[in-house]
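Notes for the one structure printed next.
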């Protein structure tokens with residue numbers, strides 16, 4: 001499996017080598033087996049709660065600081081931390097103060113999407129290692145800058161795609177590498193999640209305790225609305241990337257990993273809002289096609305929001321098609337295979353199902369993925385990461401390409417080497433954004 005993982009990383013990391021800055025090695029703190037690693041968690045409303053739990057489950061790791069622009073959330077999490085661990089934890093609203101703190105060794109980033117890449121870049125520049133939730137980027141250009149920063153400052157950056165730490169999923173990928181279902185030519189990603197009407201709350205005063213300027217960060221400043229804070233920013237282009245850039249990053253990543261590909265050259269998408277007259281800007285239903293003509297491979301990706309059917313038993317996951325059969329990877333770290341015309345059951349694997357929280361158990365869960373991250377931090381060895389920074393850029397970038405094709409309503413041709421569209425300045429403008437104030441992703445990291 002190690003040979004497969006390294007081969008994939010070599011392939012995907014060099015899929016767009018033209019933009020990579022030559023690494024500049026800086027001195028790194030070396031941790032002994034008994035040295036404590038101090039961690040801070042940035043963003044505590046959603047996935048950050050799992051980050052705290054998973055970091056505190058690691059040997060000789062201590063969460064010392066919680067950071068969120070909303071003091072109301074911070075005080076609630078501080079109380080929960082004390083009740084759970086009988087320990088005090090520091091609070092900070094401004095992530096810049098956390099990144100400046102020399103006593104903090106690693107940061108885990110569970111902010112909204114529009115903050116992910118900049119937070120990673122700042123952490124790398126400050127000599128810290130980082131775990132970043134999916135998607136690693138809000139747009140393709142800043143994803144590349146994140147990769148450059150990790151290389152230049154020689155930092156450990158893990159992407160929060162837990163499937164890469166799943167023994168069952170690793171086994172499924174190895175079966176494909178070994179030719180178990182023959183030549184694998186197509187991957188299908190499924191994100192069929194229950195997403196309802198979010199309404200439209202209009203504008204309102206900024207709540208007490210929320211630093212809305214910090215929350216907005218690199219994105220354009222809009223009048224405050226509960227349509228954005230704290231969760232429904234996912235469905236607005238300035239802050240989120242729709243469900244293909246939310247839940248879907250687990251599946252875009254696995255599509256690329258299973259097919260052993262980087263960025264595609266042809267992209268088309270179609271979809272829309274068909275159910276709710278609410279404040280979402282992103283499509284409820286989205287179908288994207290990513291084609292690799294030079295490799296005779298293709299990715300199909302589908303997002304559905306409501307009542308729907310299963311596909312080979314999966315509603316969130318991936319299906320891989322080969323000349324001898326198919327492999328179905330469920331979103332909760334298990335796979336099944338079906339061989340031949342009659343779909344005879346073949347090999348299968350399962351990490352142990354779901355925990356009470358609904359997340360996967362074992363090595364492929366959040367805690368197991370953090371274990372892999374902390375091991376790499378302690379050894380200062382990025383080669384043992386299961387979800388390194390290059391995969392964050394590629395998996396997120398695939399979602400971004402699909403969204404751009406949807407928004408422009410046409411087939412796009414992309415150059416993976418330059419990471420730009422071919423003779424298409426209109427599409428190229430959507431590879432990045434205008435950054436605000438002091439929250440700028442630098443051209444030179």
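FYI, it's all coordinate maths here, none of it is from the lab. Treat the numbers as computed from the prediction; the structure is a model and nothing was measured.
Values computed for the structure shown
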quantity: Residue-averaged 222 nm ellipticity for the chain, from DSSP H runs of 4+ at -39500 (n - 2.57), nearest 500; calculated: -9000 deg cm²/dmol
quantity: DSSP bridge pairs, the chain: antiparallel proportion in percent, nearest 5; calculated: 65 percent
quantity: Rg/Rh ratio calculated on Cα atoms of region 196-255 (Kirkwood radius); calculated: 1.04
quantity: Cα point-scatterer Debye curve for region 43-166, base-10 log of I(q)/I(0) at q = 0.16 Å⁻¹; calculated: -0.76
quantity: Equivalent ellipsoid semi-axes - Cα gyration tensor, region 32-77, angstrom; calculated: 23, 10, 7
quantity: Convex hull per residue volume in Å³, alpha carbons only, for region 250-352; calculated: 137 Å³
quantity: Highest-fluctuation residue, 226, 97, 144 considered, GNM on the chain with Cα pairs under 10 Å; calculated: 97
quantity: Column: log10 I(q)/I(0), Debye, Cα scatterers of the chain, q = 0.06, 0.07, 0.11, 0.14 Å⁻¹; calculated: -0.23, -0.32, -0.83, -1.41
quantity: Alpha-carbon centroid distance for the pair region 233-272 / region 53-110, whole angstrom; calculated: 30 Å
quantity: Pairwise centroid distance, computed over Cα atoms, of region 423-445 with region 308-333, Å; calculated: 36 Å
quantity: Gain upon complete extension [residue 384, residue 174; 0.36 nm per residue less C-alpha separation]; calculated: 73.9 nm
quantity: Cα-based Rg of region 123-281 normalised by 2.2 N^0.38 Å, two decimals; calculated: 1.26
quantity: Orientation-averaged projected area, Cα convex hull of region 274-326 (nm²); calculated: 5.3 nm²
quantity: Compactness index (Cα Rg / 2.2 N^0.38 Å), region 131-180; calculated: 1.48
